[in-house]
1. If you keep only loop residues by DSSP, which chymotrypsin sites (Phe, Trp or Tyr not before Pro) in segment 84-156 have at most 13 other Cβ atoms within 10 Å of their Cβ?
2. With θ set to phi - 60°, apply the Karplus curve 6.51 cos²θ - 1.76 cosθ + 1.60 along segment 40-46 and write out the HN-Hα couplings as whole Hz, x wherever there is a Gly or Pro.
3. Quick check: from the Cα gyration tensor, does segment 1-151 come out rounded (a/c under 1.5), prolate or oblate?
4. I'd like the Karplus ³J(HN,Hα) series for segment 2-17: coefficients 6.51, -1.76, 1.60, θ = phi - 60°, whole numbers in Hz, and an x wherever there's a Gly or Pro.
5. If you add up the charges near residue 157, with Lys and Arg at +1 and Asp and Glu at -1, over every other residue whose beta carbon is less than 14 angstrom from its beta carbon, what do you get?
6. Tell me, what is the percent relative contact order of segment 1-65, built from C-alpha pairs under 8 Å that lie six or more residues apart?
7. So what does the Cα-only Debye profile of segment 1-64 read at q = 0.13 Å⁻¹, as log10 I(q)/I(0), no solvent term?
8. Can you compute the modelled spin-label distance between residue 96 and residue 194, with each label point 7 Å from Cα toward Cβ, in nm?
Amino acid sequence: MWGQTAIITAAASLFFFDNTIVTTEEVREWNPVSGLINIFFAVFFIAPALTFLPQMWGLQPFYIPWYWFPCSTVFGSFFERWPLNKLELGMPRLGLLHTGIVLLLTLITELFLKQLGMDLFTTTTGPTFAAIWTTVGLGLLWQFNMWPFTQLSQPRKGIVASVGSLIISVLFYLLTVSLVGQENIIQGLYWWFNILWVQVFLMAPGLYDGLNLWQDVPPIVEQQQPLSLNSEGR
């Protein structure tokens, strides 16, 4: 419970709020302090609060399952915050609005999966498909840098990439079922979950800044000194 809540808290802080929930624009660039503050926020603040505080009042511990993670990374990455980025909102308003949109998209996705017998919350097949889709989506984003959809404009880029990743994910899901069997699909979940987190741990730290999808990067302006002639012609 602690780990899953920390995962989704860190993902929300990064993908929705550009890691500005507990750090200012200035502090965000001040490493390693910025990294330590964000780690503390996700691992030692939100997660313990949701896990342990309810038990102090005799309630069941609460946690945020990782099933919310796929839509935050896949939809958020493919659409590059379109059309919210057109509103010219700053943080935290943009982050809150983006969070609400992704939650809505996740609920809609859950309704479709439930019709296919792959409920995210009551079956093992739903989380297995979610793990496959996240792995495929992050692979398209990180390993291939959105190829072959790089030149498309939004929203075509987001729609085509989403549909393409879903088709690939369905094929991988059918392959997984054929290899392990429907009755042992939880083994497929473990395999895909391991692949997913190897991908996150190895690829995210090195490639996130390089994509420049969310973080503002000042343009490089070449400084040219104008030529001037003095009165003597020199």
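1. Those that pass, being in a loop and sparsely packed, are 121, 144.
2. Once θ is set to phi - 60°, the couplings for segment 40-46 become 4, 4, 6, 8, 10, 10, 5 Hz.
3. The shape class here is oblate.
4. Along segment 2-17, the couplings run 4, x, 5, 5, 5, 4, 6, 5, 5, 5, 5, 4, 7, 7, 9, 10 Hz.
5. Numbers: positive: 81, 156; negative: 80.
Here the charged neighbours net out to +1.
6. 47
7. -0.37
8. My value for the distance between the label points is 4.3 nm.
Taken together, the values in this text are just the output of simple stated rules run on the coordinates, not laboratory data. In this text the structure is predicted, and so the values were computed from the model without any measurement. Counting neighbours? That spans all protein chains shown, and the Cβs are built from the backbone with ideal geometry, glycine included.
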